[in-house]
Ligand code: SAM
């Protein structure tokens with residue numbers, strides 16, 4: 001969005017480039033024709049998105065120059081840790097992290113189970129410190145457009161499953177493109193997630209058209225359309241989509257089988273792996289707190305996400321929805337979510353960890369808390385308000401009636417207050 005800084009290309013190596021932000025260098029995938037060393041571009045999620053004219057870039061950089069270094073100072077101050085206060089049972093784990101040793105499953109469970117306030121405080125401080133060391137104060141903000149709430153699946157956790165009696169909507173290609181165009185022209189978004197249930201109304205031709213038209217606006221097109229065919233994902237890559245969000249939901253195949261009838265964990269994982277092979281920037285992860293989930297399952301979820309080598313970790317707490325089979329199952333606590341963010345940060349120090357709406361729904365301070373526990377990336381909901389309240393994947397979703405202007409204002413204020421700058425995170 002408007003919270004974005006142009007980067008200067010300083011080195012090109014086949015399809016990757018090193019870009020510079022005020023002396024800080026990041027590696028990105030170069031996905032633009034006719035760019036050379038010295039050109040300015042916008043990058044999002046580790047990939048170049050759009051070229052920007054030199055005079056325009058230099059003007060923007062002039063405005064950012066002072067602010068960037070101010071923000072850096074704030075971030076560095078917030079990322080300091082008091083080594084003397086480390087909890088004993090986590091001390092050796094945290095020392096291993098500092099020594100860059102691989103963290104074992106039992107060490108992850110130790111971190112996930114920390115529950116004393118003082119212990120958790122230190123856990124989050126160390127995670128934030130690791131984030132800062134790896135990424136400096138870089139942070140990215142994507143927009144999301146939820147274009148259809150129809151779904152053919154019967155996932156028992158989801159408020160949009162095919163048994164739920166909800167008012168359904170579909171946005172036409174023109175509506176989706178107009179929403180995207182507004183996000184680009186009015187709010188300067190550079191990356192847009194297009195999300196829906198598994199809705200076969202949008203066949204290959206319709207989705208190809210939508211992707212081509214949204215990509216033509218000069219943004220990163222990020223798909224979140226569920227388990228559609230590999231052939232379709234290939235066609236959408238050719239049409240210009242470059243990132244895909246597909247969670248495996250749980251690493252426990254028994255829980256998966258029970259909650260997602262007619263689908264298997266193996267098939268979902270096979271598709272996720274194929275997306276990476278096709279060249280997509282991958283975002284994947286899980287829900288926490290599903291019925292029968294143990295701390296070991298949660299550690300396995302983190303390790304499986306890591307094994308899939310995503311550019312982005314996307315996970316969030318399960319939240320119940322009236323009318324679903326899991327309506328009486330309780331959400332996990334915000335503390336467990338924050339512990340999970342911190343554990344992910346230690347397992348993947350250079351990972352990009354997304355702060356999700358479900359986290360925000362659990363607690364009003366969770367955005368700030370998550371960013372200070374290792375998260376570094378956010379999304380703003382751009383779905384038109386008339387549709388947004390119908391995209392009820394779970395009850396009481398945060399932000400369903402918040403205007404885009406208000407969301408942008410709150411997000412930029414929060415990021416500023418934490419010293420985070422909109423430089424791209426780059427590739428892992
Ligand atoms: N249909 C696509 C898919 O399956 O990936 C994208 C839409 S789906 C609604 C997006 C994500 O919402 C899912 O991957 C799931 O993790 C999350 N979700 C669904 N129901 C949820 C619930 N009750 N609480 C929290 N997250 C939920």
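The values are calculated or read from the model by the stated rules, or taken from the named source; none is laboratory data. Worth saying up front: this structure is predicted, and the values here are computed from it rather than measured. Reconstructed Cβ throughout: ideal geometry from the backbone, glycine too, with neighbour counts over all protein chains shown.
Using the structure shown, decide if residue 390 is in a loop (DSSP other than H, G, I, E, B) and either within 24 Å of residue 249 (Cβ to Cβ) or more than 16 Å from the ligand (Cβ to nearest atom) (or both). Yes: the conditions hold for residue 390. Within region 305-324, the set of residues being without any contact (Cβ under 8 Å) to a residue 60 or more places away in the chain and within 14 Å of the ligand (Cβ to nearest atom) comprises 305, 310, 313, 316, 317.
For residues in region 16-65 being in a helix (DSSP H, G or I) and modelled with pLDDT under 90, which is farthest from residue 138 (Cα to Cα)? This residue is 63.
Yes/no per residue for (1) in contact with a strand residue (DSSP E or B) (Cβ under 6 Å, 6 or more places away or on another chain); (2) surrounded by fewer than 23 Cβ atoms within 10 Å (Cβ to Cβ); (3) assigned to a helix (DSSP H, G or I); (4) at pLDDT 95 or above:
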| residue | (1), (2), (3), (4) |
| --- | --- |
| 369 | no, yes, yes, yes |
| 375 | yes, no, no, yes |
| 386 | no, yes, yes, yes |
| 399 | yes, yes, no, no |
| 408 | no, yes, yes, no |
| 412 | no, yes, yes, no |
| 426 | yes, no, no, no |
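Summed over region 353-367, the residues that are in contact with a helix residue (DSSP H, G or I) (Cβ under 6 Å, 6 or more places away or on another chain) and more than 12 Å from the ligand (Cβ to nearest atom) give a count of 5. Taking each residue of region 50-67 that is farther than 16 Å from residue 188 by Cβ and looking for partners that are surrounded by 12 or more Cβ atoms within 10 Å (Cβ to Cβ) with beta-carbon atoms closer than 9 Å, six or more apart or interchain, yields 54/39; 54/40; 58/6; 58/40; 65/22; 67/416; 67/421.
Residues 137, 128: which one is in contact with a strand residue (DSSP E or B) (Cβ under 6 Å, 6 or more places away or on another chain), farther than 25 Å from residue 397 by Cβ and touching a residue at least 40 places away in the same chain (Cβ under 8 Å)? Spell out the reasoning first.
Working: 128 fails: in contact with a strand residue (DSSP E or B) (Cβ under 6 Å, 6 or more places away or on another chain).
That would be 137, the only listed residue that is in contact with a strand residue (DSSP E or B) (Cβ under 6 Å, 6 or more places away or on another chain), farther than 25 Å from residue 397 by Cβ and touching a residue at least 40 places away in the same chain (Cβ under 8 Å).
Tell me whether region 209-230 contains one or more residues that are in contact with a helix residue (DSSP H, G or I) (Cβ under 8 Å, 6 or more places away or on another chain), within 20 Å of residue 248 (Cβ to Cβ), within 16 Å of the ligand (Cβ to nearest atom) and assigned to a helix (DSSP H, G or I). Yes: one or more hits. Checking the stated criteria, residue 338 turns out not to satisfy the condition of being within 14 Å of the chain's Cα centre (by Cα), buried (at least 23 other Cβ atoms within 10 Å of the Cβ), at pLDDT 95 or above and more than 14 Å from the ligand (Cβ to nearest atom).
Would you say residue 271 is touching a helix residue (DSSP H, G or I) at 6+ places or on another chain (Cβ under 7 Å) and within 29 Å of residue 346 (Cα to Cα)? The answer is yes for residue 271. For region 298-313, the condition of being in a strand (DSSP E or B) and surrounded by 22 or more Cβ atoms within 10 Å (Cβ to Cβ) holds for at least one residue. Filtered by the rule that a residue be under 21 Å from the mean Cα position of the chain (by Cα) and touching a residue at least 40 places away in the same chain (Cβ under 8 Å), region 256-284 gives 268, 271, 274, 275, 278, 279, 280, 281, 283.
Regarding region 233-253, can at least one residue be identified that is under 22 Å from residue 304 (Cβ atoms), surrounded by fewer than 22 Cβ atoms within 10 Å (Cβ to Cβ), modelled with pLDDT of 95 or more and more than 16 Å from the ligand (Cβ to nearest atom)? The answer is yes; a qualifying residue exists. The conditions of being modelled with pLDDT under 95 and within 13 Å of the ligand (Cβ to nearest atom) are met by residue 332.
From the list 117, 110, 74, the lone residue that is farther than 30 Å from residue 186 by Cα, modelled with pLDDT of 90 or more and either surrounded by 14 or more Cβ atoms within 10 Å (Cβ to Cβ) or out of contact with any strand residue (DSSP E or B) (no Cβ under 9 Å at 6 or more places or on another chain) (or both) is 110.
Can you tell me which residue within region 162-206, out of those that are within 13 Å of the ligand (Cβ to nearest atom) and under 23 Å from the mean Cα position of the chain (by Cα), is surrounded by the fewest Cβ atoms within 10 Å (Cβ to Cβ)? Talk me through it step by step, then tell me what you get.
Here is the first cut: in region 162-206, the ones within 13 Å of the ligand (Cβ to nearest atom) are 162, 164, 166, 193-200, 202.
Filter once more, so that each one left must be under 23 Å from the mean Cα position of the chain (by Cα): 193-199.
Values: 193: 21, 194: 27, 195: 22, 196: 25, 197: 24, 198: 18, 199: 21.
Per the criteria, the residue is 198.
In the condition set (1) within 14 Å of the ligand (Cβ to nearest atom); (2) over 22 Å from residue 389 (Cα atoms), residue 296 is compliant with all but (1).
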